Amino acid sequence: MGNDNQATGEPLRAPAVTTVALLIAALCSIYVVSQFLRNSVGVIAPDLAAELDLAPQALGMLSSAFFLAFAAAQVPLGVAIDRYGPKTCMLASIGLAVLGCAVFALAESVTGLTLGRILMGLGCSSFLMGPLAIYTRWFRPEQFSTLTGMMLGIGTIGTLFATAPLAVSAAVYGWRTTFLFVGAGAAVVGLLVLAIVRDDPPGVVRRADRSAGLLASIRGLVDVLKVRGFWPLFAMHFLSYSSFAAILGLWGGPFLTDVLGFDLADRGNALFGMAAGHVVGSFVWGPSDRLINGRRLPVTAGVFATAAMILALCFLGDRGGYLIYAIFILLGVTAAYVPVQMAHGRSLFDARLVGRGITMLNLGTMSGVFVMQLVTGAIIGAFAPVVGPDGTPVRPLIAYQSAFVFLVAALLLAWLYYRTAPDPSVGEPADR
């Protein structure tokens, strides 16, 4: 276990295994909610488009609104985590997520749906950074990548729920009722966090460092931007997860419908395979940095494997059959290198800046998803619809190929810049 220089005492003894297990379970549960909500448009996107007559550009805006709101919250969130503590931040935001589910479920226009997505994004903005900040207080630095992998792996169960289970629920109860159920579940998870989570291990008393004032805390963000390696990591965060989320969370469903004629259930099954692959991959990639005592090599392997799978989707995905399921599953596995990338970013910051540092990198992640979903929506929307096998208008394969090749090119450019970042040994403390 570990604590930083703001703690006024060492833990009296190592926390009980049950205490640690309950803490991790509660933190993973709240991240499950975030993962479901961020990816919940993909499987129902064709139904939303048909019901509200939405073009690809509108679908891109609707899905990315979550990520825009999420990204906008990261800067004040980083200050608030360092100043008030992660648990307080999580409890303050969960109500917005619940409200967003209700607004989305009751919306009668694209404006209402977008407002619901914005509220969801604001509400979920602390559901990853809050837990990661708690892990930095409870555990040793060399455990961070494994814990992050566990967090993302278990949290991706929410992504699984946003595929085939969401498709089944939408077919049986309707997507509106489904989102009301999800809002109620999010409220229950918030109560679990209230009852179980604490910012520090038992025996540690931490006094919030507010002596410098709020403006000084905000000015501390400048120190984050000056940390060597921040901008290469920011670029990698901007484009790594967004290349995966653009497919799983938005365009995977329309691709399967327009190119292969999949219905709601088949879309859900294929995307479920991708999400399941991501769960497995998160646990596989998580400890890889400790095995080789470095992060750059695993991240590089993940980038090129992910790029290869996206290109396979471009040029082999129209063949259907078992091949499309294999591509989706492998894409989920290869794109799960993000825990190692996050641990690399975490290694750059000392205890004083860790909250603001990881949230600024997460700003890159979420703003990247926002931008890439908008841009890919514009690319796909630039191609005129063609008549599908059932006589309905669909977007041609070349539209999706163009968008996906763009994702690959952007990802590889980010990797070139990422290679310039320092790569501290695993467990080596940040020295600023």
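The values are calculated or read from the model by the stated rules, or taken from the named source; none is laboratory data. Small disclaimer: the values here were computed from a predicted structure and weren't measured. Note: ideal-geometry Cβ built from the backbone for every residue, glycine included; neighbour counts use all protein chains shown.
Looking at region 182-200 only, could you name the residues that are under 17 Å from LEU99 (Cβ atoms) and more than 22 Å from the chain's Cα centre (by Cα)?
LEU191
So for region 341-358 (the condition being over 20 Å from GLN143 (Cβ atoms), more than 18 Å from the chain's Cα centre (by Cα), assigned to a loop (DSSP other than H, G, I, E, B) and not aromatic (Phe, Trp, Tyr)), does at least one residue qualify?
In the first step, residues of region 341-358 are kept if they are over 20 Å from GLN143 (Cβ atoms); the result is 352, 356.
Filter once more, keeping what is more than 18 Å from the chain's Cα centre (by Cα): 352.
Cutting the leftovers down to assigned to a loop (DSSP other than H, G, I, E, B) gives us 352.
So of that shortlist, the ones also not aromatic (Phe, Trp, Tyr) come out as 352.
Yes, region 341-358 contains a residue that is over 20 Å from GLN143 (Cβ atoms), more than 18 Å from the chain's Cα centre (by Cα), assigned to a loop (DSSP other than H, G, I, E, B) and not aromatic (Phe, Trp, Tyr).
Among the numbered criteria (1) over 17 Å from MET236 (Cα atoms); (2) at pLDDT 90 or above, which one does GLY368 miss?
Failing condition for GLY368: (1).
Of the residues that make up region 258-270, is at least one in a helix (DSSP H, G or I), modelled with pLDDT under 95, buried (at least 20 other Cβ atoms within 10 Å of the Cβ) and among the acidic types (Asp, Glu)?
Yes, region 258-270 contains a residue that is in a helix (DSSP H, G or I), modelled with pLDDT under 95, buried (at least 20 other Cβ atoms within 10 Å of the Cβ) and among the acidic types (Asp, Glu).
Pick from region 16-39 the residues that are assigned to a helix (DSSP H, G or I) and of a type in the set (Gly, Ala, Ser): which of them is surrounded by the most Cβ atoms within 10 Å (Cβ to Cβ)?
We begin by selecting, within region 16-39, every residue assigned to a helix (DSSP H, G or I); these are 17-38.
From what is left, the residues that are of a type in the set (Gly, Ala, Ser) are 21, 25-26, 29, 34.
On the way: ALA21: 11, ALA25: 12, ALA26: 20, SER29: 22, SER34: 25.
So, considering only residues that are assigned to a helix (DSSP H, G or I) and of a type in the set (Gly, Ala, Ser), the one surrounded by the most Cβ atoms within 10 Å (Cβ to Cβ) is SER34.
Answer with yes or no whether VAL387 is surrounded by fewer than 24 Cβ atoms within 10 Å (Cβ to Cβ) and under 17 Å from LEU248 (Cα atoms). It would help to see each step written out before you state the result.
Details: surrounded by fewer than 24 Cβ atoms within 10 Å (Cβ to Cβ): yes; under 17 Å from LEU248 (Cα atoms): no.
Answer is no for this residue.
In region 101-112, which residue that is in contact (Cβ under 8 Å) with a residue 24 or more places away in the chain and surrounded by fewer than 23 Cβ atoms within 10 Å (Cβ to Cβ) is nearest to LEU194 (Cα to Cα)? It would help to see each step written out before you state the result.
Just the residues of region 101-112 that are in contact (Cβ under 8 Å) with a residue 24 or more places away in the chain, to begin with: 101-102, 104-106, 109-110.
Retained after the next criterion (residues that are surrounded by fewer than 23 Cβ atoms within 10 Å (Cβ to Cβ)): 102, 105-106, 109-110.
On the way: ALA102: 22, ALA105: 26, LEU106: 28, SER109: 35, VAL110: 34 Å.
Checking each candidate, the answer is ALA102.
Which numbered condition trips up PRO298, out of (1) assigned to a helix (DSSP H, G or I); (2) closer than 30 Å to GLN57 by Cβ?
If we test PRO298 against (1) assigned to a helix (DSSP H, G or I); (2) closer than 30 Å to GLN57 by Cβ, just (2) comes out false.
Please verify whether SER29 is within 23 Å of ALA378 (Cα to Cα) and at pLDDT 80 or above, treating the condition exactly as stated.
So SER29 fails the test.
Considering VAL75, VAL79, VAL98, which residue is closer than 19 Å to SER169 by Cβ and either part of a loop (DSSP other than H, G, I, E, B) or in contact (Cβ under 8 Å) with a residue 12 or more places away in the chain (or both)? Reasoning before the result, please.
On the way: VAL75 fails: closer than 19 Å to SER169 by Cβ; VAL79 fails: closer than 19 Å to SER169 by Cβ.
The match here is VAL98.
I'd like to know if region 302-319 contains one or more residues that are closer than 27 Å to VAL32 by Cα, touching a helix residue (DSSP H, G or I) at 6+ places or on another chain (Cβ under 9 Å) and outside any helix (DSSP H, G or I).
No - not one qualifying residue is present in region 302-319.
Yes or no: GLY78 under 20 Å from the mean Cα position of the chain (by Cα) and modelled with pLDDT of 80 or more? Write out each step before concluding.
Working: under 20 Å from the mean Cα position of the chain (by Cα): yes; modelled with pLDDT of 80 or more: no.
Judged against the criteria, GLY78 is not a match.
With respect to PHE181, determine if the residue is of a type in the set (Phe, Trp, Tyr), surrounded by fewer than 21 Cβ atoms within 10 Å (Cβ to Cβ) and at pLDDT 90 or above.
Details: of a type in the set (Phe, Trp, Tyr): yes; surrounded by fewer than 21 Cβ atoms within 10 Å (Cβ to Cβ): yes; at pLDDT 90 or above: yes.
For PHE181, the condition - of a type in the set (Phe, Trp, Tyr), surrounded by fewer than 21 Cβ atoms within 10 Å (Cβ to Cβ) and at pLDDT 90 or above - is met.
Can you tell me which residue among LEU363, LEU407, LEU413 is under 30 Å from GLY121 (Cα atoms) and out of contact with any helix residue (DSSP H, G or I) (no Cβ under 6 Å at 6 or more places or on another chain)? Spell out how you get there, then give the answer.
Numbers: LEU363 fails: out of contact with any helix residue (DSSP H, G or I) (no Cβ under 6 Å at 6 or more places or on another chain); LEU407 fails: out of contact with any helix residue (DSSP H, G or I) (no Cβ under 6 Å at 6 or more places or on another chain).
Being under 30 Å from GLY121 (Cα atoms) and out of contact with any helix residue (DSSP H, G or I) (no Cβ under 6 Å at 6 or more places or on another chain) holds for just one of LEU363, LEU407, LEU413, which is LEU413.
Of the residues ALA378, ALA410, only one is small (Gly, Ala, Ser), part of a helix (DSSP H, G or I) and surrounded by fewer than 17 Cβ atoms within 10 Å (Cβ to Cβ); which? Steps first, answer last, please.
Details: ALA410 fails: surrounded by fewer than 17 Cβ atoms within 10 Å (Cβ to Cβ).
Going through ALA378, ALA410 in turn, the sole match is ALA378.
Are any residues in region 267-278 farther than 10 Å from ILE44 by Cα and in contact with a Leu (Cβ under 7 Å, 6 or more places away or on another chain), and if so, which ones?
Taking region 267-278 as the starting set, the residues that turn out to be farther than 10 Å from ILE44 by Cα are 269-278.
Result: ALA270, LEU271, PHE272, MET274, ALA275, ALA276, GLY277.
Could you please give the count of residues in region 66-78 that are crowded, with 24+ Cβ neighbours inside 10 Å and under 27 Å from THR257 (Cα atoms)?
Residues that pass the stated criteria total 2.
Within region 126-156, can you find the residues that are under 30 Å from GLY253 (Cα atoms), assigned to a helix (DSSP H, G or I) and either modelled with pLDDT of 85 or more or over 13 Å from the mean Cα position of the chain (by Cα) (or both)?
Within region 126-156, just MET150 meets the criteria.
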